[in-house]
Every structure is written in structure tokens, then in C-alpha cells.
Amino acid sequence: MTQAATSPTHSAVHSAATFTGLKCKECGAEYEAKAIHVCELCFGPLEVAYDYDRLRQIVTRETIQAGPHSIWRYRPFLPVTSQNPIDVGTGMTPLVQANRLARQLGIKRLFIKNDAVNMPTLSFKDRVVSVALTRARELGFTTVSCASTGNLANSTAAIAAHAGLDCCVFIPSDLEAGKVMGTLIYGPTVMAVHGNYDQVNRLCSEVANSHGWGFVNINLRPYYSEGSKTLGFEVAEQLGWQLPDHIVAPLASGSLFTKIYKGFQEFVKVGLVDDKPVRFSGAQAEGCSPIAKAFKENQDFITPVKPNTIAKSIAIGNPADGVYAVDIARKTNGNIESVNDAEIVEAIKLLAETEGIFTETAGGTTIAVLKKLVEAGKINPEETTVVYITGNGLKTQEAVQGCIGEPFTIEPKLDAFERALERSRTLGRLEWQQVMV
Ligand SMILES: *Cc1c(COP(=O)(O)O)cnc(C)c1O
């Protein structure tokens, strides 16, 4: 659908657009802002292009601060024309100074960007879906869909319900119970596919071609991925209009990582923050670490793998934006590391016990990589470091079951309580946990 200025409404809508179309990331070929994601000439991925001169004229710190308390305060930087985008309170999650975790690790200025409490479905995916479904509506789609490792299905189903769009989602059949329930409750059609995410994704590409649905991470991917820039924008604003020195974020397809980078760059480009070097470090689970492997072996291509890890939400064996993530880690003097499943569980507990934040396996991966990088001297203790926690632990309870102890079950009597308290003191929390395991 084009935005030809044929009627007064259309021209009004058009004048609100700050994006100019789609552009191939590889060859630079330009396209209209339709539901396409691959360059016809070189098969490179398409990305949204903006009119930065116009952005510089219309956006200031004040106009942003006067906007809604959600990702839509950054609307001119997002690829939608609607004056009323789908706003379910997504974004503006807390940036928490993590002093206890920092002390434990031996660094000085650590912040957690806490998307474990993002709205409405407790993961960063609500950002990308809010943008994708707003654009889907503008492009005239009535059915929306996705290929998901769990969180994306939750977000797509919930936000589609709010927007009154029909929804059919595809997930691997072995997902955590919390992720499946967190989709079914919104009443979409759910296809649980015997196969891993990469197989689900391949199936969805075929369905996208044959059914004309809006797949948020396939034919709508250029719009979807722009939503992740808000994780960069918010951190810059919440740090008092400054960029951090170092960020650590999880990598699945690599999209989120590359878009935090794009977000920081855009804020510099339009004069909202001063330019400065920011180091980008990425986190993967050892059981699915094709991007970390390419980084370590200094390769410019990604060798796909078959995932085998408890960190299912980031288990993408053939990551679409992997090479771009490697490039950013390299040129910013960052790192990409991987950690094993036991380290992921330990890190989930570490974050919970030091900061009161219960994250899912992706967050455990990120914290475990943070720890590994600090121990290897790859994070300077003086750097202002921001760690992105992208999902909520209540959705992946299986991962920590049997590793967190049990309550003391007692009779409703004071002496029963006193005896149990005594026992808890002699055991100590850690030893008690070992008894339980
Ligand atoms: C999807 C997801 C990511 C990473 O997504 P990208 O594909 O790299 O953009 C990270 N954390 C969680 C919890 C996710 O669900």
C-alpha cells in the first residue's frame, strides 16, 4: 500500500511520516514501505530509512518528555504514520542501579534495564510487537502471526487481542508451560510444531507467502525490529541524556543488539546526546552459540547450529542478524561470550538474590556472561555498564525448579516456628538448598 497524497486524510497522514521507505542493508536499493523484508536484487535484509534532517527539526528532549510514558514518546523514530498507535503501556521500564550485584562482581557503576516487567507480557518483545502491529494495521492486515521461541507469541497474541486483530502463532512444541499458557490465554490459534525454532521459521515463511498474513518477524520484520531501538533510547534518556560506556545484551537472531546500536546512533545524529564510544557485548547460551563462535573464530559468516539449551527464548540456530551483531561487537571493542546451562541457573539466582529481579533463562545468560566478562577483565570496573534483562522468570519456572530450596512447612504454633527458625539458622540458606537438591 502506498501513501500517495490523493486525499486530505492521506496527505495529513503522509506529512506525519518521518520515515522515507525501506532500504537494503547490503546494496542500498530502496523500496516503498510495504510488507516486504528481503531485497529483490541481492536478497539482503531491508531496513527502515528516516529523514534525519526532519527529525532534527521536530524532535527535542522536551518534545520527547512531553510524550506518553511508553515507547510512543519516541514515535518520530518509529516506522508508523498513525497518530494513535497501539499503546498498551509498553516501554519506559525501570533502569535500576544495581549496587549489590556490582559490588559482588567487583565493578562500580552497573545498571539493569529491567524488561522483565515490560507491559503487557513481561518481555522486551512487547516493544517490537507494538510497533509491528501498528504498522500491520496501517498496511491493512486483519490477521497477524509470528514464528516464536515463546515470548514473541505471548506479545503478538496479547497485543493482537487488544487491537482486535485475528492471530495465529507458531511455536516449537517443546516450549516451557508458562510460555504456552501465556499465549493461549489471549485466545489465538496456536500451532505447536514438532521441530526447533529454525524449522518453525521456515514453515512460517511459506505460510506468509501463501496466506497474506502479517508475520511480525517475517514480512513485517523491518518495522518489528525498529521497536528494539527504544531499548537504546530509554537508556540514554534515563541516564540523563547520556550514553553508557558498555552494554551487555542477549543475542537470539541478533536483531535487538543491532537495534540498540542504531538507537544510540540516531540520538547522536539528531543531537539528543553527545557522541561517545559505547562498547557492545553480546550473550549466548553455549548450547546455541553460533554468533559467539563466529566472533571468537574471527569469521564473517555464521555457521548454523542445532540448539540444545534451557535458554529456549534465545535458541536460534540460524540467526538472521548474526553477522551484523559480530560486526558491531568488533568495531566497538566489545565481546560476544557464551555460558553453559548451569551457569545460567546460577546467574538467575544471583540476580534475584542481589537485586530482587527474577529473570528468565535469557536474563540468566546475560548476567552469567556479564560475570564472565568481568572476571576476564573485559569490563573495566570504572565503566558505566548497562545490562539488558529481557524476560521474566515466572515464565521459565522449569529452569530453576529443584535449585531454589523449599519452604519450611510448619504447624500454626509458635514453638513449631521457633524450631524451624533454629533449623534454618543452623543449616544456612545455601546448605539448606543443598539438602533439598
Ligand atoms: C527474543 C528474545 C531476545 C533476543 O531477540 P533477538 O532475536 O536477538 O532480537 C532476548 N531475550 C528474550 C527474553 C527474548 O524473548
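The values are calculated or read from the model by the stated rules, or taken from the named source; none is laboratory data. These numbers come from a predicted model, not from an experiment. Glycine gets a Cβ as well: all are built from the backbone with ideal geometry, and neighbour counts include every protein chain shown. Please note that ligands, DNA and RNA were not included when accessible areas were found on the heavy atoms of the full protein model with its side chains. Shrake-Rupley method; radii C 1.70, N 1.55, O 1.52, S 1.80 Å.
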TODO: Give the percent of DSSP beta bridges with both residues in the chain that are antiparallel, rounded to the nearest 5.
DONE: 30 percent
Task: Rg/Rg_ref, the range 34-150, where Rg_ref = 2.2 N^0.38 Å and atoms are Cα - done: 1.32
Open item on the list: Before I look further, what does the chain give for accessible area per residue, probe 1.4 Å, in whole square angstrom?
Closed with: 42 Å²
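In debye, nearest 20: dipole of the chain around its Cα centre with unit charges on the Cβ of K, R (+) and D, E (-)?
460 debye
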- [ ] Determine the percent antiparallel among the DSSP beta bridges restricted to the range 127-259, to the nearest 5.
- [x] 0 percent
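Which chymotrypsin sites (Phe, Trp or Tyr not before Pro) does the range 18-61 hold that lie in a coil by DSSP with at most 16 other beta carbons within 10 Å?
Phe43
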- [ ] With springs only between Cα atoms under 10 Å apart, run a GNM on the chain and tell me which of Ser210, Ser145, Ser155 wobbles the most.
- [x] Ser210
TODO: Among Ile218, Ala192, Ser130, pick out the residue whose Cα is farthest towards the positive end of the charge dipole of the range 91-249, where Lys and Arg carry +1 and Asp and Glu carry -1 on C-beta, about the Cα centre.
DONE: Ser130
Task: Residue among Pro407, Pro120, Pro381 with the largest mean-square fluctuation in a Gaussian network model of the chain, springs linking Cα atoms under 10 Å - done: Pro407
Task: Loop-resident sites, the range 344-413, for GluC sites (Glu not before Pro), counting at most 15 other Cβ within 10 Å (DSSP) - done: Glu382
TODO: Could you order Glu62, Glu337 so the one with the most accessible surface comes first? Probe is 1.4 Å.
DONE: Glu62, Glu337
Open item on the list: Let me check something: with ligands and nucleic acids excluded, how do Cys204, Cys42 order by accessible area (1.4 Å probe), largest to smallest?
Closed with: Cys42, Cys204
- [ ] Just need the relative contact order of the range 37-168 here, percent rounded to a whole number, with Cα pairs under 8 Å and 6+ apart.
- [x] 17 percent
Task: Estimated inter-spin distance, Lys108 and Leu394, nm [label 7 Å along Cα→Cβ] - done: 3.8 nm
Open item on the list: How large is the accessible surface of His69 in square angstrom, using a 1.4 angstrom probe and rounding to the nearest 10?
Closed with: 130 Å²
TODO: Would you mind pulling out the separation of the Cα centroids of the range 217-232 and the range 140-207, in Å?
DONE: 17 Å
Task: Placed amide H near Arg279: partners under 5 Å, 5+ positions off or other chain - done: His246, Ile247
Task: Projected label distance in nm at His69 and Thr303, using a 7 Å step from Cα toward the beta-carbon - done: 5.0 nm
- [ ] Please report, as a whole percent, how much of the solvent-accessible surface of the chain comes from carbon and sulfur atoms (probe radius 1.4 Å).
- [x] 52 percent
- [ ] Go ahead and estimate [θ] at 222 nm for the chain from helices alone: -39,500 (n - 2.57) per DSSP H run with n ≥ 4, summed, over the residue count, rounded to 500.
- [x] -12000 deg cm²/dmol
Open item on the list: For a quick check: with amide H placed at 1.01 Å from N, whose amide H comes under 5 Å from Thr20's, ignoring anything fewer than 5 positions away on the same chain?
Closed with: Ala49, Tyr50, Asp51
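Once a ≥ b ≥ c are taken as the square roots of the eigenvalues of the Cα gyration tensor of the range 305-359, is the result rounded (a/c under 1.5), prolate (a/b larger than b/c) or oblate (a/b not larger than b/c)?
oblate
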Task: Cα→Cβ-extended label distance, 7 Å offset, between Asp174 and His162, nm - done: 3.3 nm
Task: Label zone at Lys34, where the point sits 7 Å out along the Cα-to-Cβ direction: the range 114-138 residues whose backbone N lies under 18 Å - done: 135-138
TODO: Pull out a ≥ b ≥ c, the square roots of the eigenvalues of the alpha-carbon gyration tensor of the chain, then state rounded if a/c is under 1.5, prolate if not and a/b is larger than b/c, and oblate in the remaining case.
DONE: prolate
